[in-house]
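S.K.: For reference, the structure I am asking about is given below.
The values are calculated or read from the model by the stated rules, or taken from the named source; none is laboratory data. All values derive from a computational prediction rather than experimental measurement. Here the Cβ positions follow ideal geometry from the backbone for every residue, glycine too, while neighbour counts run over all protein chains shown.
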Amino acid sequence: MTKKEATFGNGCFWCTEAVFQNLTGVESVESGYAGGKVENPTYRDVCSGTTGHAEVIRIHYDADVIDFATLLEVFWKTHDPTTLNRQGNDVGTQYRSVIFYHDEEQRKLAESYKKKLDESGAFDRPIVTEISALTNYYPAESYHQNYFNDNPGQPYCLFVIRPKLEKFREVFQDRLRV
């Protein structure tokens, strides 16, 4: 088993965590904060929009089962990478579309994929996804971890996360955990 990590920000981490937890080869997904200037930020700090952090997920995966390119495909297809600092009703720099790469190979793959998508006209507007080196990461508070699975009846889960997850499952049914 070849263990690797990927770190993505593509809106609310409750939504993105729920998506990536369903992929074969993903060992774990942790919600957290990255890219800011404050050490050990809290959720409240990050929501203020003043720390520079993005809500992110850190994915631990088995590269022998799922590769970074597949994770990128899921990343691009499960959010709108053309909206600056926004995903749906979630607005602010903490919800920006961002790939925090862990090594040069991830950087090259992310930039290449972004360029191909832009050139293909897959989106009506230019992709604004930031691609940056991971310089810091802080796990979110424990109540944010595994949020959808622990709170399926919560209104945000019912009306925002569940429809997103159902659409994801239709598109990526060949990649789902059994």
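S.K.: Can you report the number of residues in region 125-142 which are among the hydroxyl-bearing types (Ser, Thr, Tyr) and more than 22 Å from Arg86 (Cβ to Cβ)?
M.R.: So the count comes out to 4.
S.K.: Specify the residue that is nearest to Tyr101 (Cα to Cα); the eligible residues are those in region 1-45 that are in contact with a Pro (Cβ under 8 Å, 6 or more places away or on another chain) and among the polar types (S, T, N, Q).
M.R.: Per the stated criteria, the residue is Asn10.
S.K.: Something else: Output the number of the condition that Phe123 fails; it satisfies all remaining conditions of (1) free of Cβ contacts under 8 Å to residues at least 60 places away in the same chain; (2) surrounded by 18 or more Cβ atoms within 10 Å (Cβ to Cβ); (3) among the aromatic types (Phe, Trp, Tyr).
M.R.: Failed condition: (2).
S.K.: So which residues in region 131-178 are under 17 Å from the mean Cα position of the chain (by Cα), surrounded by 13 or more Cβ atoms within 10 Å (Cβ to Cβ) and of a type in the set (Ser, Thr, Tyr)?
M.R.: Within region 131-178, Ser132, Tyr137, Tyr138, Tyr147 qualify.
S.K.: If you go through region 1-21 one residue at a time, how many are more than 14 Å from Tyr147 (Cβ to Cβ), surrounded by fewer than 23 Cβ atoms within 10 Å (Cβ to Cβ) and not hydrophobic (A, V, I, L, M, F, W, C)? Please lay out each step first, then the result.
M.R.: Within region 1-21, the subset more than 14 Å from Tyr147 (Cβ to Cβ) is 1-10.
Imposing the further condition that a residue be surrounded by fewer than 23 Cβ atoms within 10 Å (Cβ to Cβ) reduces the set to 1-5, 7.
Right, trim to not hydrophobic (A, V, I, L, M, F, W, C) and you get 2-5, 7.
Qualifying residue count for the region: 5.
S.K.: Something else: Which condition number in (1) surrounded by fewer than 19 Cβ atoms within 10 Å (Cβ to Cβ); (2) closer than 29 Å to Cys157 by Cα; (3) acidic (Asp, Glu) is the one that Asp118 fails?
M.R.: (2)
S.K.: Still on this structure, I have one more. Would you confirm whether or not region 87-109 contains a residue that is out of contact with any Gly (no Cβ under 9 Å at 6 or more places or on another chain), within 21 Å of Gly32 (Cβ to Cβ), at pLDDT 95 or above and exposed (fewer than 15 other Cβ atoms within 10 Å of the Cβ)?
M.R.: yes
S.K.: Which one of the conditions (1) of a type outside the set (A, V, I, L, M); (2) under 21 Å from Tyr156 (Cα atoms); (3) surrounded by fewer than 19 Cβ atoms within 10 Å (Cβ to Cβ) does Asp64 fail to meet, given that it meets all the rest?
M.R.: Failed condition: (2).
S.K.: Next question. Do you know which residues across region 1-52 are part of a helix (DSSP H, G or I) and hydrophobic (A, V, I, L, M, F, W, C)?
M.R.: Listed by number, the residues that qualify are Phe13, Trp14, Cys15, Ala18, Val19, Phe20, Val46, Cys47.
S.K.: I need a count of the residues in region 83-126 that are under 17 Å from the mean Cα position of the chain (by Cα), in a loop (DSSP other than H, G, I, E, B) and of a type in the set (Gly, Ala, Ser).
M.R.: Count: 2.
S.K.: From the list Arg125, Arg169, pick out the single residue that is out of contact with any Gly (no Cβ under 7 Å at 6 or more places or on another chain) and closer than 21 Å to Asn22 by Cα.
M.R.: Unique residue meeting the criteria: Arg169.
S.K.: How many residues does region 23-63 hold that are of a type in the set (Asp, Glu) and at pLDDT below 95? Write out each step before concluding.
M.R.: So the first thing to find is which residues in region 23-63 are of a type in the set (Asp, Glu), and the list is 27, 30, 39, 45, 55, 62.
Now drop any that are not at pLDDT below 95, which leaves none.
The total comes to 0.
S.K.: Any residue in region 63-84 that is of a type in the set (Lys, Arg) sitting within a Cβ distance under 6 Å of a residue that is surrounded by 15 or more Cβ atoms within 10 Å (Cβ to Cβ) and part of a helix (DSSP H, G or I)? List the pairs, counting only those 6 or more apart or interchain.
M.R.: Listed pairs, sorted by first residue: none to list.
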